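Report on the structure given below.
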Amino acid sequence: MKKALSRIASNLDTFIEHGLTRPKEKKGILEKITTSTDLEKAVSKADFILEAVPEIMDLKKESFERIDRFAPAHAILASNTSGLSITEIGSATRRPEKTIIVHSEGFHVGFRVGQVGCLFHYDAYNFHLRHAH
């Protein structure tokens with residue numbers, strides 16, 4: 001978790017260097033980020049959840065099924081897959097119509113939703129999640 005927070009801080013420094021955000025905003029952004037290894041806690045209040053597990057269909061479907069179980073009904077479930085069928089991934093959920101592909105290039109500093117839950121790392125079937133609100 002510390003490594004992930006450090007990487008986010010570094011990315012914010014890059015945003016500052018390029019004029020995409022201001023230095024005084026960095027602290028506030030970082031204070032809004034909480035971490036959790038509890039999937040239910042991490043996604044239970046999220047509006048948008050971005051999964052980033054390895055490109056293994058069974059793993060993607062298992063992840064989406066678990067996320068779907070705990071996420072609010074209105075939440076959009078996104079995958080960063082670059083080669084797997086989002087239709088097949090979405091079939092593991094009760095909301096295939098709210099299952100999309102999103103790549104990091106699509107996010108901008110001005111992108112805002114009420115609360116964001118993001119699965120950022122997967123290790124030995126333990127979910128490590130980022131929940132920003």
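The values are calculated or read from the model by the stated rules, or taken from the named source; none is laboratory data. Keep in mind that what you see is a predicted model, and the values were worked out from it rather than measured. Glycine gets a Cβ as well: all are built from the backbone with ideal geometry, and neighbour counts include every protein chain shown.
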Cβ pairs under 9 Å, 6+ apart, first in the stretch 1-25 and closer than 24 Å to S36 by Cβ and at pLDDT below 90, second loosely packed, with under 14 Cβ neighbours inside 10 Å and among the hydroxyl-bearing types (S, T, Y): M1/T37
Test: residue in the stretch 8-28 that is assigned by TED's automatic domain parsing to the domain that holds R94, among the hydroxyl-bearing types (S, T, Y) and surrounded by 13 or more Cβ atoms within 10 Å (Cβ to Cβ): no
Of the criteria (1) modelled with pLDDT of 85 or more; (2) in contact with a His (Cβ under 8 Å, 6 or more places away or on another chain), which one Y122 fails: (1)
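What residue, of S63, S82, S91, S104, is modelled with pLDDT under 90, more than 25 Å from I29 (Cβ to Cβ) and not assigned by TED's automatic domain parsing to the domain that holds L5? Let's see the steps before the verdict.
Working: S63 fails: modelled with pLDDT under 90; S91 fails: modelled with pLDDT under 90; S104 fails: more than 25 Å from I29 (Cβ to Cβ).
That would be S82, the only listed residue that is modelled with pLDDT under 90, more than 25 Å from I29 (Cβ to Cβ) and not assigned by TED's automatic domain parsing to the domain that holds L5.
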Tally, over the stretch 46-67, of residues that are of a type in the set (D, E), touching a Leu at 6+ places or on another chain (Cβ under 7 Å) and under 12 Å from G90 (Cβ atoms): 1
Strands (runs of 3 or more DSSP E) wholly inside the stretch 35-107 that include at least 1 residues being closer than 27 Å to F15 by Cα and charged (D, E, K, R): 48-51
